[in-house]
Amino acid sequence: MASVRTQGRSVNSQEPLGSGSRGGPPRILAFSTTGISDLGIDLAGGSHMDYPTSVLVVPVPCSSGIKPSWIVYALDAGFDGVFIAADGTDCAYVNDCTDRTGHVVARAQELMEKDGHDPRRLKMAAICSVCAESFVSHVEKFQTKLTDVSFS
């Protein structure tokens, strides 16, 4: 059973997934990287910064390892958007993580269009280990943008 965090609260994978497009604020699945962006996201929560409680964080080792099919699956499962908190140039695994993650996003957007999902439902930004304010700003702006996006 997978475990994910939302505003510091762990939930198991058997709980219902996204529901924002069916009422309530847009639900965002955020992929964070365990060595870089997860620390910044934890800092936002630990500093009691307000960001949408409808953001669900799933840690991954490296943003370039995210499968485009996971993004489409999240949208099909009811999430309104997917945010990739990428490693950027600080990745400990590969030196071209930024380019690889860019290819993941491009491929995911192709699959999204093929499945009838608006590609604007996917956002990526590099989030560093001390970028709490940046994470909060990105997800707040993304959630606001999602209110103008059509859901399929």
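The values are calculated or read from the model by the stated rules, or taken from the named source; none is laboratory data. What you are looking at is a predicted structure, and each value in this text was computed from that prediction instead of being measured. When we count neighbours, we look across all protein chains shown, and the Cβ atoms used for this are built from the backbone with ideal geometry, even at glycine.
Checking each residue in segment 24-56 for being β-branched (Val, Ile, Thr), touching a residue at least 40 places away in the same chain (Cβ under 8 Å) and not in a strand (DSSP E or B) picks out Ile36, Ile41, Thr53. In the set (1) touching a Phe, Trp or Tyr at 6+ places or on another chain (Cβ under 9 Å); (2) in a loop (DSSP other than H, G, I, E, B), the condition left unmet by Ala125 is number (2). Total residues in segment 30-57 satisfying the condition of being of a type in the set (S, T, N, Q), touching a Cys at 6+ places or on another chain (Cβ under 9 Å) and either at pLDDT below 80 or closer than 15 Å to Ser137 by Cβ (or both): the figure is 1.
The single residue among Ser137, Ser64 that is of a type outside the set (A, V, I, L, M, F, W, C), at pLDDT 85 or above and in contact with a helix residue (DSSP H, G or I) (Cβ under 9 Å, 6 or more places away or on another chain) turns out to be Ser64. For Ser129, state whether it is surrounded by 14 or more Cβ atoms within 10 Å (Cβ to Cβ), more than 14 Å from the chain's Cα centre (by Cα) and hydroxyl-bearing (Ser, Thr, Tyr). Yes: the conditions hold for Ser129. Checked against (1) out of contact with any helix residue (DSSP H, G or I) (no Cβ under 9 Å at 6 or more places or on another chain); (2) farther than 19 Å from Thr33 by Cα; (3) of a type in the set (S, T, N, Q), Gln143 meets all criteria but (1). Every condition in (1) out of contact with any Pro (no Cβ under 9 Å at 6 or more places or on another chain); (2) modelled with pLDDT of 90 or more; (3) in a helix (DSSP H, G or I) holds for Gln143 except the one numbered (1).
Selection over segment 82-121 of residues that are assigned to a loop (DSSP other than H, G, I, E, B), exposed (fewer than 14 other Cβ atoms within 10 Å of the Cβ), at pLDDT 90 or above and among the acidic types (Asp, Glu) gives a count of 1.
Write out, first by first residue and then by second, each pair whose Cβ atoms fall under 9 Å of each other, whose residues are 6+ apart or on separate chains, and whose first residue, in segment 88-105, is at positive phi while the second is in a helix (DSSP H, G or I) and of a type outside the set (A, V, I, L, M, F, W, C). The qualifying pairs are Gly88/Ser37; Gly88/Ser63; Gly88/Thr98; Gly88/Thr101.
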